[in-house]
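The values are calculated or read from the model by the stated rules, or taken from the named source; none is laboratory data. Treat the numbers as computed from the prediction; the structure is a model and nothing was measured. For neighbour counting, all protein chains shown are included, and Cβ atoms are generated from backbone atoms with ideal geometry for every residue, glycine included.
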Amino acid sequence: MKILQINKYYYRKGGAETVFFNTISLLEKHGHTVIPFSLKNKKNEPSPYEDYFVDYPELSESSLPQKIKYLPSFIYNRGAARKLETLLQKEKPDVAHIHLMFNSMSVSILPVLRKYNIPVVMSVHDYRLVCPAYTFTDGKGNFCERCKNGHYYNCIFHKCSNGNVLNSLMLCADSYFRSVSYPPVDYIDRFIFVSKFAMSKHIQIDGRYKEKSTYLYNFTPNVDCTTVQGDYILFFGRISEEKGLRTLLNVMKQLPDVKLKIAGTGPLLEILSSDAPANVEFLGFKKGLELQELIQNASFVVVPSEWYENNPLAIIESFMAGTPVIGSDIGGIPELVADGKTGYIFHPKSCEELKDAIMRAWSLPEGKYKQMSDEAKRFAIDNFSEDNHYNRLMENYQLVINKNR
């Protein structure tokens, strides 16, 4: 089968990109031809298809004049549509699989895929389909669902995009344009949600998703390793407001005998690292074997998210290594972390509950820790294996291909 894989970034920027590249590797391992379609970027992995990639700036890092200049293509990118059409004419894929397309390619690619009768599935990694700012939080970090009935202007009033009015305005305009002109729910044949929570949330807001949706947890390659009850807890991922790191660091100030390592980068890195207590170490961005060893040697991984987290790869990769997780009771996290069995759960933003969870984890006897580690590994193999993911993914591909015939 020839499969078009579409994602904004062609380098490992975050969780969605890790899933994107893992999916490509999985499909190629089973003999399929994979055609990537992404943006041009100096950080990109090498690709024989890079001439078809879209030349478009990273607006989050752009100046005000540049954001204004690119606002029309932010909403509808004609250049992306032309590039994709040229690629489709040459390669004629059997199916297209979209990961991230907003803020860059835009919905412009959807009518092109329909024109060439390409069946389309989309892995839904966030809430951008129903929330302009994609996190269901406002500019102050409070939980927010004011836009769920199509009242996207709330995104501007509450400065939901990191407190920035212009960014919020752009996201609002994009949401209104999509809802009126090219609703993704009308153009995409199958939505693959990465948690039951995310699927039910979309269906609750827009019933049209019900007949087109399924859920499939992310996967990670199996790790053959020995369980180690390490001498530190670990956070790894994007260092941003919604990840709950302010709460975590406040707790660590109260637990000087507990060591925390933080691997990652993001907009809050400089602010948080400058005020971190002595028992917290910032390691910078880590990947591959180096990250894997950090996970394996940690006592626990902590996921203190303060938004409707979908299906965090941090939990999946930790469980596969046999490392239990301390996680917020929010979004898709409690689907994965069973309190007292594969880790500990606490109420988001609660310093008191997070402190208690860390103390319980830190004082866990070796035998009990081994049981928890084995249970986490067992859960991972049952739910996040490559074989299970591949079979379910192919079922969804075949479903939309048969429908389009």
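Some points to look at:
- Criterion applied to 143, 177, 197, 193 was being aromatic (Phe, Trp, Tyr) and within 29 Å of residue 69 (Cα to Cα), and the one residue passing it is 177.
- Every pair of residues 6+ apart whose Cβ atoms lie under 7 Å, when the first sits in region 195-206 and is without any contact (Cβ under 8 Å) to a residue 12 or more places away in the chain while the second is of a type in the set (Ser, Thr, Tyr) and not in a helix (DSSP H, G or I): 203/213
- Every residue from region 74-118 that is in a strand (DSSP E or B) and crowded, with 20+ Cβ neighbours inside 10 Å: 95, 96, 97, 98, 106
- Scanning region 198-235 for residues that are out of contact with any helix residue (DSSP H, G or I) (no Cβ under 6 Å at 6 or more places or on another chain) and among the aromatic types (Phe, Trp, Tyr) turns up 232, 235.
- Condition check for residue 316: at pLDDT 95 or above and of a type in the set (A, V, I, L, M, F, W, C): no
- Odd one out for residue 159, checked against (1) within 15 Å of residue 134 (Cβ to Cβ); (2) in a helix (DSSP H, G or I): (2)
- Considering region 172-247, the qualifying strands (runs of 3 or more DSSP E), each wholly inside and each with 2 or more residues that are over 26 Å from residue 322 (Cβ atoms), run over 190-193, 213-215.
- Residue ID - modelled with the highest pLDDT, chosen from residues in region 371-386 that are over 14 Å from residue 321 (Cβ atoms) and out of contact with any Phe, Trp or Tyr (no Cβ under 9 Å at 6 or more places or on another chain): 371
- Hey, residue 95 more than 26 Å from residue 267 (Cβ to Cβ) and in the same structural domain as residue 120 (by TED's automatic domain parsing) or not: yes
- Within region 189-211, the set of residues being farther than 21 Å from residue 22 by Cβ and either hydrophobic (A, V, I, L, M, F, W, C) or crowded, with 18+ Cβ neighbours inside 10 Å (or both) comprises 189, 197, 201, 202, 203, 205, 209.
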